[in-house]
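The values are calculated or read from the model by the stated rules, or taken from the named source; none is laboratory data. The model shown is predicted, which means the values in this text are computed figures rather than measured ones. With ideal geometry, Cβ positions are generated from the backbone for all residues, glycine too; neighbour counts draw on all protein chains shown.
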Amino acid sequence: MVHAMQSINYLKVDPSNFVFFNFAGPKKLLQISQSFWKMTKAGPETDYESIFSLRVNDITLRELLLFQSLYVCGTQTDILNMVKDQPDPRVFFKTFLELDGTNMVTILSFDSRAMKVLLDEEMSHYFTPEYPLFYKSKIQKTDNKDKFFYRSAIDMAIENNQLTAAACIIHYITEFQNNYVSSYLFQNNLIKLMDR
Amino acid sequence: MFIYQFDFDEWPSTHEDDNTYIRAYNGSLFEIRSQYRNIFTEPRFELPDENLAQEVSSTKMYKISYKLNILQFVNEYIEQPDPEKPL
């Protein structure tokens, strides 16, 4: 169904896009699409072109406990050790509605060491190029819990002066997410990146 | 990632001219589908008439590849300093 609520609008690449929730099947997909007029013999018909899709996962108790543990870590080294300790890194690549539609790899983009581990070439067999890993995320403001800001993992890495993390993310995007939709992640930060 | 390659049904897929042409486009990426004649305005690029398609020899036709360079969209909203405001 077409989603009419504005809470997920930040995922749109352009305001004219539509958000579809395909949650009926075993694969829960959140699709960003664009409508267009298709000329048929019977006349013009509305059709939709998919721009990108996100696979939304159900969170398990184990995953929930892991995320809770990451949030109570005292230092970045503790976070890194927890990341390294996981037998299956796919938990960091999954999109969850509980994380406001983002994934842990985006949230951890403030730490270069964690990004180096998670986006290493050795992890490439865990990557699923049909679903983007990096897209715009909705983040709650710390001083006002009712307000949000919207950033990508690259923005967060630059903001925290983690250029190694930014380089890892850009490498991932060019290798596994190399399509025109990803160019929107660089719309407001390319000059900043070049300045660094 | 800054090259958007597309193949729309609304745009002609073949032409007898095999040269490369570059055109400017300032509209939305998501509206380009309907903008063919506004981008390629010359008479030689007009949409082929399906009824006349049989009359042209297919040996002279070349496949067209459309690419849009979207690097220009990046940082398009840079705020310019107000010239009347003192530095």
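The figures follow:
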read-out	value
Hits in segment A:142-177 - residues which are within 12 Å of chain B (Cβ to nearest Cβ) and either surrounded by fewer than 14 Cβ atoms within 10 Å (Cβ to Cβ) or farther than 20 Å from A:Tyr126 by Cβ (or both)	A:Thr174, A:Glu175
Every residue from segment A:68-106 that is assigned to a loop (DSSP other than H, G, I, E, B), at pLDDT 90 or above and within 11 Å of the chain's Cα centre (by Cα)	A:Lys94, A:Asn103
Residue pairs meeting the criteria (Cβ under 9 Å; at least 6 apart or on separate chains; first facing chain A (nearest Cβ under 10 Å), in segment B:27-41; second of a type in the set (D, E, K, R))	B:Ser28/A:Asp14; B:Leu29/A:Asp14; B:Phe30/A:Asp14; B:Phe30/A:Glu49; B:Arg33/A:Glu49; B:Arg33/B:Asp9; B:Arg33/B:Glu10; B:Ser34/B:Glu10
Criterion (away from every other protein chain (no Cβ under 11 Å), surrounded by 15 or more Cβ atoms within 10 Å (Cβ to Cβ) and basic (Lys, Arg)) met by exactly one of A:Lys12, A:Lys28, A:Lys41	A:Lys28
Residues that are within 25 Å of A:Tyr48 (Cβ to Cβ) and either among the polar types (S, T, N, Q) or within 13 Å of chain A (Cβ to nearest Cβ) (or both), drawn from segment B:3-25	B:Ile3, B:Tyr4, B:Gln5, B:Phe6, B:Asp7, B:Phe8, B:Asp9, B:Glu10, B:Trp11, B:Ser13
Out of B:Pro81, B:Pro48, B:Pro86, sole residue that is more than 30 Å from A:Pro15 (Cα to Cα), more than 14 Å from chain A (Cβ to nearest Cβ), assigned to a loop (DSSP other than H, G, I, E, B) and at pLDDT below 75	B:Pro86
